[in-house]
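No value in this document is a laboratory result; all are computed from the given coordinates. Owing to the predicted nature of the structure, the values given are computational and were not obtained by experimental measurement. All Cβ positions, even for glycine, are placed from backbone atoms using ideal geometry, and neighbour counts span all protein chains on display.
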Amino acid sequence: MCGIGGIFHNNPQQAVDRQLLVNMAAIQVHRGPDGFGIRHFEDAGVGFCHARLSIIDLNENRARQPFSSDDDQLLMAHNGEFYDFQRIRADLTARGLRFSSKSDSEILLRLYQQVGLENTLPQLRGEFAFALYDRGEDCLYLVRDRFGIKPQYWCLTPEGLVFGSELKVLFAHPAVERRLTSEGLFHQLMQTMVPGSTAFAGIQQVKPGHVLKVQRRNGELQVSEWCYWDLNFPREGERDRSLGEQHHIEAIRAALLEAVELRMVADVPVGCYLSGGIDSCSILGLAAAVSQSPVKAFTIGFDDVRYDETPVAREMAEATGAEQDVLRLSGEQLYGWMERTIWHTERTIYNTLAVAKFLMSRHVNEVNYKVVMTGEGSDELFGGYPAFRRDMYLHGLDDLPQEERQTCQELLEQSNALVQGAMLAANQIDDPDLEAVVGFTPSCLQPWLACAPLVPELLAEPHREALKNYSPGKAIADQLDPTQLEGRHALDRAQYVWIKTMLEGQILTWGGDRVDMAHSMEARPAFLDHHLAEVAVQVPPELRIKGKTEKYVLREAMAGLLPEVLYKREKFAFMAPPAHTEPKKWQQMKELADRHLNDEAIKEAGLLSAEGVRNLFARHDAPATSDSDRVQMDAVINHLLGVQMLHRLFVASDIPAKARAMADDLGWHPEPSPSLQDAASRQEMLC
C-alpha cells in the first residue's frame, strides 16, 4: 500500500515541476513513510510521484516507484496489492520476460506490455488504484479496483489534469481550486455521497471498477471512462435453481479460504481485526488455520457495554489461539481526535467509530504491524445489515402473510433499537426518483434521506438558494446503473445500491483506507475478493437471509470454527456510542461545537446558518425528542462539525505551502536532473 499522484499537462512541452511532485508525495507521507520516488517524461508533460509503504519486496531501491519501461514508453505508479502475483510473474518469466524487482506492482507493467490494458485488468486481483501513461498513445489511464477499496481522485485545471490518492495531494497543486460546492455540502450534512463525487468543486473520483482514459490531442485533454467490472446478480429467471444449499455452502467456504490464504502473503507479519461479528471471526479462524504461528488479533473495546463486543471477540481469540490485543476506548477520548481524523477522511463522519478506527490503526503501527485482514464486505455480499432484512420482509417475500411480515419487522426494530435513526430509519421514507430506478427506496438510504429535510435550515443563505430545487435522491439515482437492477430480486437490488453508495462512500473511506493509512497500515478486506463476490451473487436470496437469520450461508460455511454464541448471534451494527448516550462524551462534543460552531466561526466559513445550528441543538435537547431522533441529530451535529473542519483544514489553509514545508521537513527533494549533474561535474573539473 502506498500513495500516488501525478500531473498530465495539456501542452506536452510544458515542463513538469519536479519539486511539486515531491510536495505531492510528502503531503501523503502517512501513506508511504518508507521512501518516495518521482519520475517524469521531459518531452511529454507528464510526471508521477509515489510514497512507499514497503510490504512486498522490502528492497528500497529495487521496488522504488514510479516504474518506467526500459524504452521509456510507459510510466506507471501503483497503490495497493495484487494477489496471486507470484504465479503471474512465474508465467511471464517462462514466456521470456524479465523482472527487475520482486514487487507485485511490476506485474502490471509487464502484463500491459504483453496484452494491453483491456486484457490485463481481468488478471488483476486485489485492492488497487494505479496510473499508467502510454507514450505511443499519448494517453493517461487512471484505474481503480472493483469495489473502490483504494481511493483515486482527479481534476482538470487550466494547465491539465492532476490526480492523487487523497484530496490533499491534489490540493498541494496551486492550480487546483479548494472550495466546497453547495451540492457537496448538502451531501456531507446528510451523510450519503453521490457516487463518483466529492464535496469539492471540480474534483471527482475514479469510480470503482472503472478506467478513466485521458487522451491528449492537439493540446487538449479528452476524458472518457468505461466500466471493466461490476457486481452482476443473476436475473430472477436466470438463477440456477438446480444447485442446492450444500453446494452454495461449500462454494462460499472454498472461495473465502482462497481469498484469506492469498492475503496472508507479505514480507512482513499479517494480523487481523477482530470484533464480535461472524465476519472478522471467520477471517481470523481461517487465518489461524492457514498460519504456522499464532495470529495477532486487534480488537476495539468501548466502555459502554451496550456497544462493546470484546467478550465475544475474546472467546473467538481463545478458540483460535490468537494473540489478542485489545484497545479500550472511552467515549470522552473520541471527540478529542476528531479533527485529526477529518484531516485524513477528507469528508464528514456521522459516528465517532471513524475516530476509534483511526486510534486503532495508530496502535497497530505502534506495535510494529503494517498489515491486517478485515471483515468489510461480508454484510454487503451476504445480506447482513438490518436494512437488508427490512427490504427482504417488505419487498422480497411475496408469499409471506401480512401478519408474519409485521411481526418480523417489529422484532427487527426491537433488536436494533440502539441504531434506529442511523442504521434503520424511524419512519418509512419514499423517494420517487429512487423508486423509479430501484423499484422501492432502499432501507439503507432511508435514515440519511430522513436527514435531508433538516439540511436547508442549516445552510447559509447562498447555499440554501442554490439548492432550492435540489433532490439528493435523484442525484444518487442518476448514478445507478439500471441494467444491473432490472429483473433482479429485491434483496439483490438493495445490496447493489448499498455497495454503490454506503460501501464505497463510507465504509471503505472513513471506515477503511483513510483511517487505516493515516498510520501507514494496510487493511486487506478478504470478503471483497472479486472471485468470492462472483460466487456470492449466485447464492439465492433465501440462503442469504433465511427466515430471521441474516448471512445464513456464511454462518453454515463457517459453523465449524465459530463459537456457538457467535454462530447463533444476530447481527449487531458495530458503532461507537452516540454523543448523547454519555454525559462526558456529550461535553466533549459541546466543547468542539463551541470552537467550530460559534457565530464567528460560522460566519467566517460561510457554509452554515448560525440560527439553524442553534435551532438543531435546541430540538436535540428538548425533552420530547425521541431516542431515534437524537441518534439522527447526533449524526447531523457530527456532520456540522465536519464541514467546518473541512473548511478550516483544506480551504482556509494554504495546502501548497504546507506540502512544501512537509517535503522540507522530511528532507525530500528531487535529485538533480542528468543535465544539471553533468554541468556540476564540468564545474568541478574546471575548479
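Identify which of the listed values of Cα Rg over 2.2 N^0.38 Å was calculated from the structure shown: [x] 0.95; [y] 1.07; [z] 1.02.
From the options [x] 0.95; [y] 1.07; [z] 1.02, the structure gives [x].
From the phi of every residue in the stretch 194-208, what ³J(HN,Hα) in whole Hz does the Karplus formula 6.51 cos²θ - 1.76 cosθ + 1.60 yield, where θ is phi - 60° and glycine or proline is x?
Karplus-based 3J(HN,Hα) across the stretch 194-208 equals 6, x, x, 9, 9, 7, 10, 4, x, 9, 10, 9, 5, 6, x Hz.
Whole-Hz Karplus ³J(HN,Hα) for the stretch 527-532, in order, using 6.51 cos²θ - 1.76 cosθ + 1.60 and θ = phi - 60°, x for Gly and Pro?
5, 8, 5, 6, 5, 5
Could you check the simple spin-label distance between D478 and R619, using points 7 Å along Cα→Cβ, in nm with one decimal?
With each label placed 7 Å out from Cα toward Cβ, I get 2.7 nm.
Going by average Cβ density within 10 Å per residue, which order do the peptides 199-207, 513-521 take, highest to lowest?
Averaged packing, sorted descending, gives the order 513-521, 199-207.
Nearest 5 is fine: what % of DSSP beta bridges in the chain come out antiparallel, could you say?
If I count the DSSP bridges inside the chain, around 75 percent turn out antiparallel.
Under 5 Å between amide hydrogens, which residues at least 5 positions from C139 or on another chain qualify, with H placed 1.01 Å from N in the peptide plane?
D134
Under the rule of -39500 (n - 2.57) per DSSP H run of 4 or more residues, summed and divided by the residues of the chain, what mean residue ellipticity at 222 nm is obtained, to the nearest 500 deg cm²/dmol?
Calculated mean residue ellipticity at 222 nm is -11500 deg cm²/dmol.
So what J values fall out for the stretch 550-563 if you push phi through Karplus, 6.51 cos²θ - 1.76 cosθ + 1.60 with θ = phi - 60°, rounded to Hz, Gly and Pro as x?
Result, ordered by residue: 7, 6, 4, 5, 5, 4, 5, 5, 9, 4, x, 10, 8, x Hz.
For the stretch 327-373, state the average projected area of the convex hull of the C-alpha atoms over all orientations, rounded to one decimal in nm².
Convex hull of Cα atoms, orientation-averaged projection: 3.8 nm².
Once you place label points 7 Å from the Cα toward the Cβ at E220 and K568, how far apart are they in nm?
It is 6.9 nm.
Can you give me the C-alpha center-to-center distance between the stretch 279-318 and the stretch 459-492, rounded to a whole angstrom?
38 Å
If you average the alpha carbon positions of the stretch 376-395 and of the stretch 593-609, how far apart do those two centres end up, in angstrom?
Centre-to-centre distance over Cα atoms comes out at 38 Å.
About the Cα centre, and with charges only on the beta carbon of Lys, Arg (+1) and Asp, Glu (-1), how big is the dipole of the stretch 224-328? Nearest 20 debye, please.
120 debye
Could you pull out every one of the lysines with an alpha carbon less than 27 Å from that of K568, ignoring same-chain neighbours closer than 8 positions?
K296, K357, K546, K548, K551
Sum up the charges of everything whose Cβ sits under 10 Å from the Cβ of E225, counting Lys and Arg as +1 and Asp and Glu as -1, but leave E225 out.
Net charge in that neighbourhood comes out at +2.
If r is the Cβ-Cβ distance from S100 to R340 and R0 is 45 Å, what FRET efficiency results, to the nearest 0.05?
0.70
Determine, from the Cβ-Cβ distance of Q123 and V305 and an R0 of 51 Å, the FRET efficiency 1/(1 + (r/R0)^6), rounded to the nearest 0.05.
0.60
Would you list the membrane-span-like helices of the chain, meaning whole DSSP H runs whose alpha-carbon atoms span at least 24 Å along their axis and whose mean Kyte-Doolittle value is at least -0.5?
In the chain, the long hydrophobic H runs are 245-263, 627-646.
So, in Å, what gap is there between the alpha-carbon centers of the stretch 121-193 and the stretch 333-367?
23 Å
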